[in-house]
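Notes follow the structure.
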Amino acid sequence: MARADVIIEAIFENLEAKRALFAKVEAAARPGAVIASNTSSLKLGDIAANFQDPSRLVGIHFFNPVPQMMLVEIVSAAGTNPELARKAAAFVRQIDKLPLPVKDSPGFLVNRVLGPYMQQAFRMLDEGIKPETLDAAMEQFGMPMGPVELADTVGLDICLAAGKALAKKSADGDEAEAPRILLDKVALGQLGKKTGSGIYAYDKGKPVKGAPGEIRADIIDALVEPYVAEAKAVLAEGIVEDADLIDAGLIFGTGFAPFRGGPLHYAASLKK
């Protein structure tokens, strides 16, 4: 670490564990080195709270599978040194990926927008809609993979933890209960592709799917609406600088149908 130009932490998502590790990293790192976290759900400011110099921490958030995913979120907390964020972006360009500057906020851009979309898919499963129908509907819309297969690929335990981390409280202060199918599958240890069974069963790493039901426009609309609404909220809160960057980030980070120009461009086109 003492000789490194860039140090990236990528351990499990536990605040105290990250803080303990970074105490060692900060003590060993040379001045001017980029010290980064690959956290996907914890706030950068919380991780940096125990630093001797909190301005040294920046987020360099990769997406799985890392070799295929081009987008990397460059996260700046309120106190992050802008020069170190610039160096982090330069490093990401040097390894031939696309850096997207984002502000420190739960879920940043990609996971924040994916969260409501995938939670909506789980709620629709609870209502009795077949997973094959939901996936076929979004593939018809232009997504490379439907939300159910995506959830199985990410891991249902991770979806549950991320859903809790990103859950918004209602006006009376209550948090929405996690979808029943998600709670049940995680309780059974059926976590998706990595365990050979999740919402789908898996054979040689491939989901075993039946025939989809009728793909209706209202199913597509019900899945796309929370995705677009959250993208609009990210823009309104200034988490990402402008609408074009949000659209590009969500095309490269989630596979949002590229020919639709990104969710904000798509939403604008519906008004014309």
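Centre-to-centre separation between the Cα atoms of the range 37-113 and those of the range 206-272: 23 Å.
For the residues Ile246, Ile74, Ile129, a GNM of the chain with alpha-carbon springs under 10 Å puts the largest fluctuation on Ile129.
For the peptides 148-154, 6-12, what is the packing order when you average, over each peptide's residues, the other Cβ atoms within 10 Å and list the highest mean first? Before the final figure, lay out each step's value.
Working: 148-154: 23.6, 6-12: 14.7.
Sorting 148-154, 6-12 by mean packing, highest first, produces 148-154, 6-12.
Within the listed set Ala136, Ala217, Ala78, the Gaussian network model of the chain (springs between alpha-carbon atoms below 10 Å) gives the highest mean-square fluctuation for Ala217.
The structure-derived value of Kirkwood radius over Cα pairs in Å appears in the list (i) 19.1; (ii) 21.2; (iii) 19.7 under the label (iii).
Can you say what percent of the DSSP beta bridges in the chain, counting only those with both residues inside, are antiparallel? Round to 5. Please report the intermediate quantities before stating the final value.
Numbers: 9 of 22 bridges.
Counting only bridges with both partners in the chain, antiparallel ones make up about 40 percent.
Taking Cα centre as origin and charging only the Cβ of basic (Lys, Arg, +1) and acidic (Asp, Glu, -1) residues, the dipole magnitude of the chain rounds to 680 debye.
With contacts taken as Cα pairs under 8 Å and at least 6 residues apart, the range 6-103 reaches a relative contact order of 23 percent. A dipole drawn for the chain from +1 and -1 charges on Cβ atoms has a positive end, and of Pro54, Ala178, Val148 the residue lying farthest that way is Pro54. The relative contact order of the range 108-272, computed from alpha carbon pairs under 8 Å that lie at least 6 residues apart in sequence, is 30 percent.
Using the beta-carbon distance between Arg19 and Gln68 and R0 = 30 Å, what value does 1/(1 + (r/R0)^6) give for FRET efficiency, to the nearest 0.05?
Values: r = 31 Å, r/R0 = 1.04.
Calculated transfer efficiency: 0.45.
Over the chain, DSSP H runs of length four or greater, each weighted -39,500 (n - 2.57), average out per residue to a 222 nm ellipticity of -14500 deg cm²/dmol. Note on the range 6-103: with charges restricted to the Cβ of Lys and Arg (+1) and Asp and Glu (-1), its dipole about the Cα centre is near 180 debye.
The numbers here are math on the coordinates, done by the rules we state, and not lab data. It should be emphasised that the depicted structure is a prediction, and the values quoted were computed from it without experimental measurement. Cβ: placed from backbone, ideal geometry, glycine included. Neighbour counts: every protein chain shown.
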